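Reviewing the structure listed below.
The values are calculated or read from the model by the stated rules, or taken from the named source; none is laboratory data. Values in this document were obtained by computation on a predicted structure and should not be read as measured data. Note: accessible area is taken over every heavy atom of the protein model, side chains too, but ligands, DNA and RNA are not part of it. Shrake-Rupley method; radii C 1.70, N 1.55, O 1.52, S 1.80 Å.
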Amino acid sequence: MVALDNSAIFGSDHKVPRLKLTLGPLVGGIALLAAALVLGAVVARGFGENGLRLGSQLAWRYVCLVFFAALSSGPVCRIASRVFQTPCPESLSRKLVWGFCASYAVYLLSVFLPNVIQLSAGATLMVLFGGSVAAIMAGTVAPIRLNGRVLIGDKTRRAMLAIATMYFWLCYALMALARISGPHRPDVWYGFSLSLMVAALLLRYADRWFGHRAQTQPLAV
């Protein structure tokens with residue numbers, strides 16, 4: 001799981017900007033699209049159980065795509081910058097992480113709100129735990145400051161981000177494996193989502209390889 005460390009999101013530079021309330025249109029657009037998918041499914045299928053289930057399913061799959069984008073954008077940008085000498089937007093990965101957390105919150109709401117009265121213990125635990133991990137991920141992707149003081153040390157913050165990243169990666173990978181091997185109706189999505197998680201790992205390893213090669217390659221005279 002070394003490939004899922006926080007440098008897949010942060011990059012090699014430890015100097016990251018402070019967390020701001022205004023994160024730009026990208027984060028809001030990602031969250032709004034998740035909400036639109038849920039509402040569109042509910043309107044298309046009705047406000048019954050089928051519509052709500054479809055809305056939650058679409059939101060879960062959409063969030064998976066955003067998670068893959070957040071994981072892979074940093075490695076892809078750095079590899080492209082090394083190969084093609086193109087600039088790498090350092091803030092893109094962090095904004096995608098915030099967008100993932102926001103869209104994941106929409107997914108949790110799509111699970112929680114329709115069954116708020118009769119929500120099962122397992123679903124309640126999933127919502128609370130998943131929401132807590134997403135909040136930790138959103139809060140540790142950039143330094144947290146109060147009155148000019150850093151609240152969480154850099155090593156601790158990056159370790160917390162790495163653990164949160166591993167948790168969501170395992171959620172998508174293990175669910176895909178369970179659906180592929182279990183007695184469920186065939187659904188190509190789970191094979192596709194598992195391929196995305198594997199591709200994210202391969203991109204991270206490729207990023208490490210390029211970085212190590214750049215450090216060890218002798219300078220041209």
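Derived scalar couplings between HN and Hα for region 43-51 equal 5, 5, 9, x, 8, x, 5, 5, x Hz in order, rounded to whole Hz, by the Karplus curve 6.51 cos²θ - 1.76 cosθ + 1.60 (θ = phi - 60°), x for Gly and Pro.
Residues whose amide H lies under 5 Å from that of Ile144, counting only those 5 or more places away or on a different chain, are Leu151, Ile152; hydrogens are built 1.01 Å from N in the peptide plane. The residues Ile180, Ile152, Ile136, sorted by heavy-atom accessible surface at 1.4 Å with ligands and nucleic acids left out, run Ile180, Ile136, Ile152 from largest to smallest.
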